[in-house]
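A short worksheet on the structure shown next.
Readers should treat all values here as calculations from the given coordinates under stated rules, not as data from a laboratory. Since the structure is predicted, the reported quantities are computational estimates derived from the model, not experimental observations. Methodologically, a virtual Cβ is constructed for each residue, glycine included, from the backbone with ideal geometry; neighbour enumeration extends over all protein chains shown.
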């Protein structure tokens, strides 16, 4: 379906950009009933919202004209939650209004405010900015809004979540009451409805649904991982899923820094985005992704809000999102404008139930599996190598001459092996990872329920036969302690705490139990070399049962020349020791000359003392 009638300069820009089929939200805002009205629009991320409100305010700003006049004061104000989103909106509106003569400026935190004031003084038609910086320019009188015709709140729900309510209310109170106000949001919580009721006039409510379910162009995958192998799983997913660019989400800045350093060390061209970076550093990172100099972006939720990167086909959730809305916002970085994408959730065993609940709330049915294995990645490498442009490209005469010279000195197998080595040298090595399995799903409606800890008292098959004993070659002499032994056993053996039974620390060794259903996998994992200088081996045969503490006998051996404690007789009343050489307490002399306190003359501040009689 083609675009409805739009101003000729706008239609020309859309044609040049090959925008032929409008999205659901773009059609909704261009309907006759929406012309010039206030709107509250709920639409998915990646559904073309920026172009939608650019089209919606075009008639309001241009009127009957085809080009903007040299206005000194702004006609439209676009408010976005983050710097990156604001600058992205500036670029999108730049090409959409390219043939209208519009001057579009961005005012965001992290940039030089004095330079922004000078540009505002020179005049602009559309201002795009973040709430804090726009309020600052309004308070200082640098931003003139007397002629303002339209205000757009992009990602309004996110701005409220980030604590910008006061700034938004200040901006809306300061702008003319006759303005057209548009609120765009991926979700529509109650605070958005209250804000719309207060600052909009007869607002039109639009809920644009591009498909029967959210993000129909995104393939969701949930991968079970061991808690200590999340980073290895990220490496394998990046190697397994072929994507020109990818984004990896973390919940904290510290995890962003750590994971970015890990991926860079592995050989990935990676950049990071977090709130602690300056605006210049953030711009450099995003430009590296757009230019193809970087392939992977490690980011927090807020820093990557609203980012639209070209050829972004893969989103990895290294840390699980906090809720279903965050999941949709993260995944919406891919699968945009009709392109296909993959969203991968890495689910540790302890977080499986939370992941299931969140996916159910988001109405997403993912494909569950374990992480990609190193052997599978190596097989894919063979297939990709045969299709690599280095082999499929047309050979020049110079290339063929060099090939003949090499063949004259080397065997074909040697040349092919050298080519394989060169191809592999530019690829990060795949990691050996462990699939913890789906867990115990008995008695559950869900296919993947969190495995319940194996407790000896609750299982009929518990006891010595339900566990297998293993041995560590460290003990009390080596300061062995469960506080660090338990994490090491989990990491080395790819198991979790419920799979570990008793731990007995002796002088020179430590013995511990592993549940039988994990014993073979644990023993196989022990064969892989590890940086810890600790040897773990299986104990053959069953360990002798240890008696309960109440039944254990304590032996008190008598030292030579000393009397046994039980041979000592208690003192009887007649055998009390005498104290003939000491005086009793009542025999102490009295102090006859001790002065007594008769009372105080508080009026004269005196306390006379008199001798006792």
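Observations on the structure shown:
- Residues of the range 324-361 falling in the label zone of residue 20, defined by backbone nitrogen less than 18 Å from a point 7 Å along Cα to beta-carbon, are 337-340.
- Enclosing the Cα atoms of the range 168-291 in their convex hull gives a volume equal to 210 cubic angstrom per residue.
- Based on C-alpha pairs under 8 angstrom that are at least 6 apart in sequence, the range 77-204 has a relative contact order of 28 percent.
- Placing R0 at 41 angstrom, the Cβ-Cβ distance between residue 353 and residue 169 gives a FRET efficiency of 0.55 after rounding to 0.05.
- Scaled radius of gyration (Cα, divided by 2.2 N^0.38 Å) that the range 218-376 gives: 0.96
- Sorted by Cβ neighbour density within 10 Å, fewest at the top, the residues 96, 182, 27: 27, 96, 182
- Rg(Cα) / (2.2 N^0.38 Å) computed for the range 58-150, rounded to two decimals: 1.01
- Label point distance in nm, residue 508-residue 293, each placed 7 Å from Cα along Cα→Cβ: 6.0
- Label zone of residue 396 (point 7 Å out along Cα→Cβ, amide N under 19 Å): in the range 405-425 this covers 405-406.
- Histogram of C-alpha separations across the range 338-442, 10 Å bin width, %: 10, 27, 23, 17, 13, 8, 2
- Burial ordering of 517, 494, fewest other beta-carbon atoms within 10 Å first: 517, 494
- Spin-label model, residue 406/residue 144: points 7 Å from Cα along the beta carbon direction are separated by 6.8 nm.
- Cα-based shape type of the range 380-425, given that a ≥ b ≥ c are square roots of the gyration tensor eigenvalues and the cut on a/c is 1.5: oblate
- For the range 5-48, a Kirkwood hydrodynamic radius built from all Cα pairs, placed in the Stokes-Einstein relation at 25 °C and 0.890 mPa s, yields a translational diffusion coefficient of 208 µm²/s.
- Gain on full stretching of the segment that runs from residue 257 to residue 426 - 0.36 nm per residue minus C-alpha separation: 58.5 nm
- Three principal axis extents describe the C-alpha atoms of the range 8-207; from largest down they are 42, 39, 30 Å.
- Taking 351, 239 and counting other C-beta atoms within 10 Å, the order from fewest to most: 351, 239
- Extension gain from residue 115 to residue 31, taking 0.36 nm per residue of separation minus the Cα-Cα distance: 26.3 nm
- Taking label points 7 Å from Cα along the Cα-to-Cβ direction, residue 66 and residue 201 give a separation of 3.2 nm.
- For residue 187 and residue 483, the FRET efficiency from 1/(1 + (r/R0)^6), where r spans their Cβ atoms and R0 equals 56 Å, is about 0.85.
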